[in-house]
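One structure is given below, encoded as structure tokens.
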Amino acid sequence: MKIIKKLIRQPLSLMGLLIILFWITIAVFAPLIAPPGENQDPYMMIRHSYSTVPTAPSEGIPFGTTEGGYDIFYGIVWGSRTAMIVGLTVVTLASLLGVLIGGIGAYAGGTVDYVTMRVVDLFMSIPFLIAVIVMTVVLGKGLDKIILALVVFSWPDYARVIRSEVLLVKKQEYVLASRLMGGSHLRVFLTHTLPNSIHPMIVLVSVNFGKIILIVAAMSFIGIGTEPGYADWGQILNFARNWISGIPGEPFKYWYTYLYPSLAIFSFVLGWTFLGDSIRDIMDG
Amino acid sequence: MASTTNLLEIKDLSIKFTTESGWLTAVDHLNLDIKKGEKLGLVGESGSGKSVTAMTIMGLLGKRRDIAIQGQIMLEGEDLLRMKQDKIEKIRGRKMSMIFQDPVESLNPVFRIGNLVAEAFMVQEKTDKKIAWERAIEQLNKVRIRDPKATARQFPHELSGGMCQRVMIALALVANPPLLIADEPTTDLDVTIQAQILALLKKLHQDLGTSVILITHDLGVVCQFCDRIAVMLNGRIVELATADSLFTNPSHPYTRGLLNSIPVLGKKGRLEPMPSIHNQEARGENICRFVHRCAISTDRCCSAAPGLREVLPNHYVACFSH
Amino acid sequence: MSEILRVERLSKYFSVSRDVFGKSKHFTPAVKDVSFSICRGETLGLVGESGCGKSTLGRMIAGLLSPSGGSIYFEGSVIASAQHVVKAKKPNIQMVFQNPYSSLDPKMTLRGILEEPLKISRYNKEQCSRRIDELLEYIDFNRASLTKRPREFSGGQRQRIAIARAIATNPPFIIADEPVSSLDVSIQAQILNLLLDLRKELDLTYLFISHDLGVVQYISNRVIVMYLGRIVEMADCQTIYKSPQHPYTRLLIDSVPIPDPKHKQAFDLSVTNDLLMPGQLQGCLFKNRCPEKMPVCCEQEPNLVSCGERHLVACHNRCPENNACTIVEI
Ligand SMILES: Nc1ncnc2c1ncn2[C@@H]1O[C@H](COP(=O)(O)OP(=O)(O)OP(=O)(O)O)[C@@H](O)[C@H]1O
Ligand SMILES: Nc1ncnc2c1ncn2[C@@H]1O[C@H](COP(=O)(O)OP(=O)(O)OP(=O)(O)O)[C@@H](O)[C@H]1O
Ligand SMILES: [Mg+2]
Ligand SMILES: [Mg+2]
């Protein structure tokens, strides 16, 4: 509770919190803000036409459409859901995996620790972005595949952080005392070791949240992300690729195709970064 | 041995820290003189303000906004609290030095012992490197480090805690300052090593005439080492007397409480500790600092703070019961 | 009196460094060939300087470390032997640690801390709350404190909590590893008195580890003096203070500053080399600091021999060459 108070008091983290809150609201109320058509998968962007050129904002289409006639406003609103879902799942699964593997390895020590750390080293030695791109290319398009790839290559980060923390905590005397009472390893691990080493994970999670979204957007932008038409900010940007330079004499003619999605991505990532940095500062004292 | 002229006079010193819950008075209207060549002991429980007092004398707290320091600290006629920071820095080492509880931490780990001491000579006496090194070995010899030449080539972590404390003493006494403050110099050491360090300090004090302020919470140590002892409680001195007088006639209930709390070698019988209360509680202006823990307190103790009064020759007590 | 704990030739070697293949290159014994036994209701004090292996010995007995050699018997049955710790069916041996700030889980409330041992020992809810009330009474706390967390308690209060936690399931044997070393004298005295009262009330047996001879004398019936992992002297409390036999014990006793101005102590100015070089491990380990060193001290390690009633000492000077005294086999 104290930490939330402190977060609110700092301008940067307050801004981060507000931005995130804004996007959460959008995501939660997406069906009201941009109602999907009947019998339509809400995560597929509404299509107004099959026109090959973007159309400017007009009545009923506040942000205009991309090439292919996709509604940008609808995409931004539902894209916030995509961003939240991807971020949450990746961060949750990866940190769970990391905490389990790194935490258990460190707690058990000895050979178990040695082996898990070599596995972590192996994963960490592969450049993250390239690994994720290669894996998605191999698996094919689709949100689930991106999530899988991101989880597979981001858990070692968490494992390493939790490991160093568990190594410190497991030497604490309250852990020894609990063993003396006859507490099983599982009990000691769950009730004492984990709760007292989980702190730095919060920082990592909030910083990584923004990073993950940036990567998903980048992948959709280069066309290896979600299926075509999926409400995803990177994909909208992808549709804008041919129109960014406008037409001769009118360089900003198609401003709406890239401005809105970039703003969305930018603010979202910024919000999480502000929050993560502030939490880190607070925890470092 | 101690002369009658004062080397250091602390007058009405108050030190306050800002904390989350307001001002915290760490030292409260403290008056204390240290005579030339005297060994003064400063004892008291944890948090009674011993270290803060020492740091203030040394000018180590600096001028910060969250710390309010009032009063005077006169060293050989000059007020340390009104002195410019760079001047204090010059005086430090030359006129006063300090040694700390954790000698291994206080020594820079990347330098050899000899270099550390030689460096001090180069700064204090502006000697060149070679002479400084020779003086350093001489100095190490003075603090009775065995085989000083070999030790000078070692690094701090290669020495035991006792040896490191000797090096600290050697460093502190490079310029023969008239005042040495030792803040719990033996607390982290084993008793046998503590005895050696105390013996060394005593010998150096005899040879050089340095005044020593020894800060500790060990009544045995001050009794065996010091000429005069000040007992501190929550930022105030509650009893001030010569070692003999203090231990034969402990007069403040707090001092008696402390003495009744230590298991003394060779004596049996149940200890009678005084009650403990969180230190912060009795920090008000007009209240005796011991009132909540005192067996003989009266209404008066809650409405006024007792001042130090001479109850025996050179034996001062701050308690209304006297 | 019946014996509750027996330790036979217990040793612990920590590997100091590993070579590239992960093999240990160099061993230093933290505890070597230590044998003794404790009777029910007794308090055995363990003194010695920092790093002499007191905590290591305590932790081996508690089952937190496995011995490198030797064995430990609790009420007649083996609880630990070389490289092996027998899993205890009941938490018979509990420990109170030195640092009251790291021995309580900062995330738990007082209730959680006291409940933990009870829950592990399968007390039901009603038994739990009754026992917690009893425990609070022992350590003189009120029920309002139950919702507080460790950081809201002072050092002395935390140590009381740690003691309550240790006695929660009525273990007969408590190891107290420097339980008062980080406390102010008045709080130290309160804790010592609490330990004494509990011993009487609950018929506890203590192994009390400390480096403070005054404290050990106050609470113990019998004292073991350790030096660099070995027992150098063991005797009844009174005996050891009245007539210490080992030169190290004498040095220890003479070094304690006494708060009595009539008892002026002249501390020795001579400097001793307190670190032993790796080449000097042969013979008596105290030889560098010993005022009575003899040639034999550099060659042969002295055995622990009897030199009086219930009084053992490991010193060549106390054991005449004619072997009149007996080498004690426990
Ligand atoms: N930098 C600081 N900021 C706030 N409060 C401080 C600071 N330094 C010391 N204090 C407070 O001042 C009081 C006196 O502290 P001090 O360190 O002088 O005690 P001490 O007598 O040296 O105790 P110990 O025996 O534990 O060393 C304590 O209550 C402490 O919490
Ligand atoms: N886990 C460990 N790994 C390697 N060496 C260790 C380990 N634990 C202890 N030691 C070494 O064993 C020796 C004995 O340590 P121990 O902690 O038992 O001493 P102690 O008598 O309890 O000292 P203190 O009074 O400082 O607590 C020391 O030299 C120490 O460095
Ligand atoms: Mg201090
Ligand atoms: Mg220890």
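The values are calculated or read from the model by the stated rules, or taken from the named source; none is laboratory data. Computed from a predicted structure; not experimentally measured. Note that each Cβ is placed from the backbone with ideal geometry, even for glycine, and that neighbours are counted across all protein chains shown.
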Qualifying positions in the range C:150-173 - within 16 Å of ligand 4 (Cβ to nearest atom) and either more than 20 Å from the chain's Cα centre (by Cα) or more than 14 Å from chain B (Cβ to nearest Cβ) (or both): C:Ala162
Residue check, B:Val238 assigned to a strand (DSSP E or B), surrounded by 21 or more Cβ atoms within 10 Å (Cβ to Cβ), of a type in the set (Val, Ile, Thr) and modelled with pLDDT under 95: yes
Residue ID - nearest to ligand 4 (Cβ to nearest atom), chosen from residues in the range B:170-190 that are surrounded by 24 or more Cβ atoms within 10 Å (Cβ to Cβ) and of a type in the set (Val, Ile, Thr): B:Thr186
Residue match in the range B:172-191 (condition: away from chain C (no Cβ under 13 Å), part of a helix (DSSP H, G or I) and touching a Leu at 6+ places or on another chain (Cβ under 7 Å)): yes
Residue list for the range B:90-130, restricted to those being among the β-branched types (Val, Ile, Thr), more than 16 Å from ligand 2 (Cβ to nearest atom) and part of a helix (DSSP H, G or I): B:Ile91, B:Ile113, B:Val117, B:Val123
Some residue of the range B:288-300 being hydroxyl-bearing (Ser, Thr, Tyr) and either within 16 Å of ligand 3 (Cβ to nearest atom) or touching a strand residue (DSSP E or B) at 6+ places or on another chain (Cβ under 7 Å) (or both): no
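Let's see how each residue does on (1) touching a Pro at 6+ places or on another chain (Cβ under 6 Å); (2) within 16 Å of ligand 4 (Cβ to nearest atom); (3) of a type in the set (Val, Ile, Thr):
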{"site": "B:Leu208", "(1), (2), (3)": "no, no, no"}
{"site": "B:Leu214", "(1), (2), (3)": "no, no, no"}
{"site": "B:Cys223", "(1), (2), (3)": "yes, no, no"}
{"site": "B:Ile229", "(1), (2), (3)": "no, no, yes"}
{"site": "B:Ile237", "(1), (2), (3)": "no, no, yes"}
{"site": "B:Leu246", "(1), (2), (3)": "no, no, no"}
Test: residue in the range B:65-78 that is surrounded by fewer than 18 Cβ atoms within 10 Å (Cβ to Cβ), within 29 Å of B:His205 (Cβ to Cβ), within 16 Å of ligand 3 (Cβ to nearest atom) and away from every other protein chain (no Cβ under 14 Å): no
Residues of the range B:202-217 classified as within 16 Å of ligand 3 (Cβ to nearest atom) and surrounded by 22 or more Cβ atoms within 10 Å (Cβ to Cβ), total: 4
Which numbered condition B:Ala243 fails, given (1) within 14 Å of another protein chain (Cβ to nearest Cβ); (2) small (Gly, Ala, Ser); (3) more than 25 Å from the chain's Cα centre (by Cα): (3)
In the range B:88-108, the residues that are more than 14 Å from chain C (Cβ to nearest Cβ) and within 16 Å of ligand 3 (Cβ to nearest atom): B:Met98, B:Ile99, B:Phe100, B:Glu105, B:Ser106
Residue in the range B:83-92 that is in contact with a Leu (Cβ under 8 Å, 6 or more places away or on another chain) and more than 16 Å from ligand 1 (Cβ to nearest atom) present: yes
Residue that is surrounded by the fewest Cβ atoms within 10 Å (Cβ to Cβ), among those in the range C:242-269 that are facing chain B (nearest Cβ under 7 Å) and in contact (Cβ under 8 Å) with a residue 40 or more places away in the chain: C:Ile253
The range B:16-48 - residue that is assigned to a strand (DSSP E or B) and of a type in the set (S, T, N, Q) and, of those, farthest from the other protein chains (Cβ to nearest Cβ): B:Asn31
Selection within the range C:87-118 - part of a helix (DSSP H, G or I) and buried (at least 21 other Cβ atoms within 10 Å of the Cβ): C:Leu110, C:Ile113, C:Leu114, C:Glu115, C:Glu116, C:Pro117, C:Leu118
Residue count, the range B:95-116 (criterion: among the β-branched types (Val, Ile, Thr) and closer than 27 Å to B:Met83 by Cα): 1
Number of positions in the range C:37-73 that are buried (at least 21 other Cβ atoms within 10 Å of the Cβ) and in a strand (DSSP E or B): 7
Failed item, numbered, when A:Asp113 is tested on (1) under 30 Å from C:Ile163 (Cα atoms); (2) modelled with pLDDT of 90 or more: (1)
Residue in the range A:214-234 that is free of Cβ contacts under 8 Å to residues at least 12 places away in the same chain, within 20 Å of A:Trp78 (Cβ to Cβ) and part of a helix (DSSP H, G or I) present: no
Residues within the range B:131-155 that are within 13 Å of chain C (Cβ to nearest Cβ), part of a helix (DSSP H, G or I) and in contact (Cβ under 8 Å) with a residue 40 or more places away in the chain, tallied: 1
Hits in the range C:142-187 - residues which are of a type in the set (S, T, N, Q), part of a helix (DSSP H, G or I) and more than 30 Å from C:Phe74 (Cβ to Cβ): C:Ser145, C:Thr147, C:Gln157, C:Ser186
Test: residue in the range B:118-128 that is in contact with an Asp or Glu (Cβ under 8 Å, 6 or more places away or on another chain) and closer than 30 Å to C:Asp184 by Cα: no
Scope the range C:195-211; condition closer than 17 Å to B:Thr192 by Cβ and either among the polar types (S, T, N, Q) or free of Cβ contacts under 8 Å to residues at least 60 places away in the same chain (or both); matching residues: C:Ser210
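For every residue, the table says whether it meets (1) away from chain B (no Cβ under 14 Å); (2) under 24 Å from C:Glu201 (Cβ atoms); (3) more than 16 Å from ligand 3 (Cβ to nearest atom).
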{"site": "C:Gly45", "(1), (2), (3)": "no, yes, yes"}
{"site": "C:Tyr73", "(1), (2), (3)": "yes, no, yes"}
{"site": "C:Gln83", "(1), (2), (3)": "yes, no, yes"}
{"site": "C:Asn92", "(1), (2), (3)": "yes, yes, yes"}
{"site": "C:Lys107", "(1), (2), (3)": "yes, no, yes"}
{"site": "C:Leu110", "(1), (2), (3)": "yes, yes, yes"}
{"site": "C:Glu116", "(1), (2), (3)": "yes, yes, yes"}
{"site": "C:Lys125", "(1), (2), (3)": "yes, no, yes"}
{"site": "C:Cys128", "(1), (2), (3)": "yes, yes, yes"}
Residue, farthest from C:Leu207 (Cα to Cα), within the range C:49-74, restricted to residues that are hydroxyl-bearing (Ser, Thr, Tyr) and more than 11 Å from ligand 4 (Cβ to nearest atom): C:Ser68
Residue match in the range B:49-58 (condition: part of a strand (DSSP E or B), away from ligand 1 (no atom under 12 Å from the Cβ) and within 17 Å of B:Ile215 (Cβ to Cβ)): no
Output for the range C:136-168, where each listed residue is more than 16 Å from ligand 1 (Cβ to nearest atom), hydroxyl-bearing (Ser, Thr, Tyr) and either within 19 Å of C:Tyr101 (Cα to Cα) or touching a strand residue (DSSP E or B) at 6+ places or on another chain (Cβ under 8 Å) (or both): C:Ser145, C:Thr147
